[in-house]
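Have a look at the structure below before the remarks.
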Amino acid sequence: MCYRFDMRDPFAPPADDPRRQFRDLEATLLRCPRCGDAVPVRKRLLLVLPEGDKFEYVCSRCSATCGTKIERPPPPRFGP
């Protein structure tokens, strides 16, 4: 007897969703709350969580946090 488990990411858009191509975008410029301008940012690992790695985007001028992002790992693949 063979059992099959469906281990898809519940947060992932369907395969035919056109927004899927934007899932892995990386920010290079963000508005800094302290500087008030769009500035280059650095991506820094903040936390390692069970649902994925949480990154923080930091202003390259004043080191203020400009945003965060959680990168979810790809779902595991079972079988051939």
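The values are calculated or read from the model by the stated rules, or taken from the named source; none is laboratory data. Bear in mind the structure is a predicted one, so any value in this text is a computation, not a measurement. Here the Cβ is made from the backbone with ideal geometry for all residues, glycine too, and neighbour counts use every protein chain on show.
Numbers for the structure displayed
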| quantity | calculated |
| --- | --- |
| Tally of residues being among the basic types (Lys, Arg) and over 15 Å from ASP24 (Cα atoms) across the range 34-72 | 4 |
| Near pairs, Cβ below 8 angstrom, 6+ apart or cross-chain, from the range 21-43 (free of Cβ contacts under 8 Å to residues at least 24 places away in the same chain and outside any strand (DSSP E or B)) to any residue that is of a type in the set (Gly, Ala, Ser) and surrounded by 13 or more Cβ atoms within 10 Å (Cβ to Cβ) | ARG23/ALA12 |
| Hey, GLY79 modelled with pLDDT of 85 or more, surrounded by fewer than 10 Cβ atoms within 10 Å (Cβ to Cβ) and assigned to a loop (DSSP other than H, G, I, E, B) or not | no |
| Residues of the range 2-49 that turn out to be surrounded by 10 or more Cβ atoms within 10 Å (Cβ to Cβ), at pLDDT 70 or above and over 30 Å from ALA64 (Cβ atoms), as a count | 1 |
| Residues located in the range 52-76, provided they are modelled with pLDDT of 90 or more and part of a loop (DSSP other than H, G, I, E, B) | SER60, ARG61, CYS62, SER63, ALA64 |
| Whichever residue in the range 31-57 is among the charged types (D, E, K, R) and within 19 Å of the chain's Cα centre (by Cα) and, among such residues, is farthest from PRO74 (Cα to Cα) | ARG31 |
| Subset of the range 58-70 [within 12 Å of the chain's Cα centre (by Cα) and surrounded by 14 or more Cβ atoms within 10 Å (Cβ to Cβ)] | GLY67, LYS69 |
